[in-house]
Amino acid sequence: MSDAARLSWPIKIGAAMALIVLLLPVVIVVLAGLNAGDYLTFPPQGLSLRWVIAFIQSETFFDAYLFSLELAAITMVISTIIGTMASVYLARTRFGGAKAMRGLFMSPIVLPGIVLGIALYVFYVSTDIGLARTFTGLLIGHVLVTCPFVIATVTASLVGFDPSLEEAARSLGAGPLQAFRLVTLKIISPAVSAGSIFAFIISFGQFDLSLYLGAQNLTGLPYAMYISLRYKFEPTAAAAGIFAIVLVVLSMVLSSRLINLRKLVARA
Amino acid sequence: MAVAGTASQLTARSRRGVFGFGWNRLWLLVVPMTLFFIVFFVLPVLSMFALSLDKPAAGTVAAKGDFALTNFIRFFSQPLYYESIFRTVAISIASSVIAAVLGYPLAYLIAKTEHPGRNTFLMILVLASMQLDGVIRLYGLMVLLGDNGLINGSLIRWHVIGSPLPLMYNVFGVIVGDVQITLPFMVLSLIGVIRSIHPSLEEAARSLGASPGQTFRRVILPLSMPGILAGMLLVFALASSSYVVAALMGGWKVWVLPVHIFQQVSNGGHWQFGAAIATILFVVNISAIFVYQAVAARTSGGRI
């Protein structure tokens, strides 16, 4: 008997409704971006690539897309390095305050993005360290909000790690760092890759920080779409959305090859 | 957590036991992250608190330290401002309840799907919709719910209704937006809990004569409470602090705290007052954590 058959119909209907709520807006964006007409109607007027071409030629949206990619790539590198280091520490230390430290590193997930944006901007201006409305200033914000995702992913993979493997390497003559590099890092590397993908995607979709840390030449895709959505529904923005959707789905498929996605929701 | 803690303690001990050294400098690994968080997280949040206690000075961003409670007195003496706390809390509670009811069946389905391919497929759907930029998803919702949107446009064209239904630019629209954005977080926090409920408990209830509905109400649901509450806290925190949902789906007509913050800071340059409202939003979310802990302790009978 397949597992779906065991579930009662109220569960199935409820699950279908939740999936509709999750996916319908995404489907609409894809349709709006591929629609032939000037605005989306139901049923659509036919498919065309005109808005996709308009997006690639659009200075606003295409430049914003490239900016988001660049910022996300740099964010990913920094968050992955310091996040992985911190995860190894958190998984191995006997220090009693480690739980509180983990709580601190995870807190950007629940701290309102708008509060963090204002806090960082106020801090930059108050201390006059020349980071207000700069690329580095924005990057710092992105690293803060993406680190929790790296830590969550990497610590999850370290929980089930068998330390005797590393000890075996040591007893066979490897130095501590060599043993770490050849054994532990190899084993957790899928989780590190998955964590870095999460960091990339979270940074790519980050909106709230740009409100206060962004500037004219520091505009990512979410902000460009927000500005356009305040006034009209540009199909070009929807076409830009399609490229973001493809990026996210490909990243998730890639992560699912690297790690068991179930591990992410295992009760910590 | 307890198991993980013990395991890592054993790890550290055995490491020391076998090698005598090597991981004593383990703490070096956490130095970059700690410094980064102290400088760019703790200090900025503290400087924002400090700014909220400054005298209002339009256009001045930097904290000066001229202590005054003016901003908070102004907030709590004008209904325009303090009423937005209740509005924010009400919208966020409604969103978290709806997200729990809507998210539970999907989480249950994913938790009980053993087939690896199907399970991964569903997980990708949930994770991808969580990680996709919220503004893009709001674009889809706005095209769906707007006055000339897919729903209203179709209903008018088919002569079901004469004038568009108010589906957006009101509280309803904001709640729909909040639920859409936060639903994946709810589902993810439920899956782990539902999967940790041992199937034999369900079977025992059934073999003792309980109907599927009774089994769910008396066994599964109470055991899922920790996940439901944790998910509701997460949804509350995200919904109460989302500026973009309130701005786009509320069309500047639903005055919740984040909209006030943006209005004060970006349109008026009132950084001190904006920082005070941001501090109040922060306190609202911290209070939610305390409420969560109190409720969680009660429902679990001290098991958490």
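The values are calculated or read from the model by the stated rules, or taken from the named source; none is laboratory data. None of these values were measured; they are calculated from a predicted model. Using ideal geometry, Cβ is built from the backbone for each residue, glycine included, and neighbour counts are taken over all protein chains shown. Just so you know, the surface numbers come from the protein's heavy atoms only, side chains and all, with ligands and any DNA or RNA stripped out. Shrake-Rupley method; radii C 1.70, N 1.55, O 1.52, S 1.80 Å.
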Is it the case, given these coordinates, that A:Q216 is modelled with pLDDT under 90, assigned by TED's automatic domain parsing to the domain that holds A:P112 and surrounded by 22 or more Cβ atoms within 10 Å (Cβ to Cβ)? no
Those residues that are of a type outside the set (A, V, I, L, M, F, W, C), more than 8 Å from every other protein chain (Cβ to nearest Cβ) and under 20 Å from the mean Cα position of the chain (by Cα), I need them from segment A:110-137; list them, please. A:G117, A:T136, A:G137
Only one of B:R16, B:R25 that is charged (D, E, K, R) and modelled with pLDDT of 50 or more: B:R25
Inspect all residues belonging to segment A:6-14 and state whether any of them is among the hydroxyl-bearing types (S, T, Y) and either in the same structural domain as A:L131 (by TED's automatic domain parsing) or buried (at least 16 other Cβ atoms within 10 Å of the Cβ) (or both). no
Which residue, of B:V187, B:V179, is touching a Gly at 6+ places or on another chain (Cβ under 6 Å) and open to solvent by less than 30 Å² (accessible area, probe 1.4 Å)? B:V187
Taking the condition facing chain A (nearest Cβ under 7 Å), open to solvent by 10 Å² or more (accessible area, probe 1.4 Å) and free of Cβ contacts under 8 Å to residues at least 60 places away in the same chain, does B:P105 pass? yes
Picked from segment A:122-146 (must be open to solvent by less than 30 Å² (accessible area, probe 1.4 Å) and hydroxyl-bearing (S, T, Y)), the residue nearest to A:M106 (Cα to Cα) is A:T146
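Pick out the one residue from A:F161, A:F180 that is modelled with pLDDT under 85, open to solvent by 20 Å² or more (accessible area, probe 1.4 Å) and part of a helix (DSSP H, G or I).
A:F180
Give the residue that is least open to solvent (accessible area, probe 1.4 Å), with candidates limited to residues of segment B:25-82 that are within 12 Å of chain A (Cβ to nearest Cβ) and of a type in the set (S, T, Y). Walk me through how you get there before you give the answer.
Quick first cut of segment B:25-82, residues within 12 Å of chain A (Cβ to nearest Cβ) only: B:25-52, B:54, B:59-65.
From the residues that got through so far, the ones that are of a type in the set (S, T, Y) too are B:34, B:47, B:52, B:60.
Details: B:T34: 35, B:S47: 20, B:S52: 3, B:T60: 46 Å².
Residue satisfying both the conditions and the ranking: B:S52.
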